[in-house]
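Trainee: Before we start, here is the structure in question, set down as structure tokens.
The values are calculated or read from the model by the stated rules, or taken from the named source; none is laboratory data. Bear in mind that the values here come from a model prediction, so they are computed numbers and not experimental data. All Cβ positions, glycine included, derive from the backbone under ideal geometry; neighbour counts span all protein chains shown.
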């Protein structure tokens, strides 16, 4: 059965026409790919910029390196200045970072980075306080960091967790016994070099 050429032409022209106002456009099928992760822009608001300037000035004697993590102020100090800088952050009347939120240890393979998340209940400030130590080698703990437990008592279990998983020894901490792992556990499972057994799904 032959198709009317006028109908065929009309159908083709209609497909090529631009949609009229109010007409919905069917979304075209996107190619199937892995999940696309959109990184948040690193940007401080006016208050954050002011805090960055303030922290840099108050920690000037401790060699601070200022940075930004998304919308938070970052400050990194050498490991030998960690304890003294922490005291300034807590006790300085312009800062008053009196609330210890968390300690995260990050394995960059060449070194370990310690990230302390702090908050000021007086001013509403939040900050990422950072330092780094040489990489832990083998099964022995070679990374040593001064404990901040006396400055922020809430650091107690966080430091023990970091010791369990990454082998960081916190000098001055009264109890470095395992928190998450059993006494006979060998190695530090938080390190990227730790060997994990491969399991197959049934």
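Trainee: So how many residues does the stretch 102-131 have that are crowded, with 21+ Cβ neighbours inside 10 Å and closer than 17 Å to residue 53 by Cβ?
Mentor: The number of residues fulfilling the criteria is 3.
Trainee: Hey, another quick one. Return a yes/no flag: does the stretch 166-174 have any residue that is out of contact with any strand residue (DSSP E or B) (no Cβ under 8 Å at 6 or more places or on another chain) and loosely packed, with under 15 Cβ neighbours inside 10 Å.
Mentor: Yes, some residue in the stretch 166-174 is out of contact with any strand residue (DSSP E or B) (no Cβ under 8 Å at 6 or more places or on another chain) and loosely packed, with under 15 Cβ neighbours inside 10 Å.
Trainee: For residue 36, indicate whether it is in a loop (DSSP other than H, G, I, E, B), at pLDDT below 95 and under 30 Å from residue 169 (Cα atoms).
Mentor: Considered against the rule, which asks whether it is in a loop (DSSP other than H, G, I, E, B), at pLDDT below 95 and under 30 Å from residue 169 (Cα atoms), residue 36 comes out as no.
Trainee: Could you tell me which residue of the stretch 166-186 is modelled with the lowest pLDDT, considering only residues that are under 20 Å from the mean Cα position of the chain (by Cα) and in a loop (DSSP other than H, G, I, E, B)?
Mentor: 167
Trainee: If you don't mind, there's one more thing I want to ask. So residue 87 ticks every box in (1) under 23 Å from residue 172 (Cβ atoms); (2) touching a residue at least 40 places away in the same chain (Cβ under 8 Å); (3) surrounded by 15 or more Cβ atoms within 10 Å (Cβ to Cβ) but one. Which box is left unticked?
Mentor: For residue 87, the exception is condition (3).
Trainee: Could you tell me which residue of the stretch 143-165 is surrounded by the most Cβ atoms within 10 Å (Cβ to Cβ), considering only residues that are in a loop (DSSP other than H, G, I, E, B) and touching a helix residue (DSSP H, G or I) at 6+ places or on another chain (Cβ under 8 Å)?
Mentor: Step one: list which residues in the stretch 143-165 are in a loop (DSSP other than H, G, I, E, B), which gives 143, 147-154.
Subsequent filtering for residues that are touching a helix residue (DSSP H, G or I) at 6+ places or on another chain (Cβ under 8 Å) retains 143, 147-149, 151-152.
Values: 143: 23, 147: 18, 148: 26, 149: 20, 151: 17, 152: 20.
Step by step, filter the stretch 143-165, then rank; the result is 148.
Trainee: If you check residue 97 against the conditions, is it farther than 13 Å from residue 190 by Cα, in a loop (DSSP other than H, G, I, E, B) and within 21 Å of the chain's Cα centre (by Cα)? Can you show your working first?
Mentor: Working: farther than 13 Å from residue 190 by Cα: yes; in a loop (DSSP other than H, G, I, E, B): yes; within 21 Å of the chain's Cα centre (by Cα): yes.
Against the criterion (farther than 13 Å from residue 190 by Cα, in a loop (DSSP other than H, G, I, E, B) and within 21 Å of the chain's Cα centre (by Cα)), residue 97 qualifies.
Trainee: Give the stretch 39-53 a look and list any residue that's modelled with pLDDT of 90 or more and either surrounded by 10 or more Cβ atoms within 10 Å (Cβ to Cβ) or touching a strand residue (DSSP E or B) at 6+ places or on another chain (Cβ under 7 Å) (or both), or say none.
Mentor: Correct list: 47, 48, 49, 50, 51, 52, 53.
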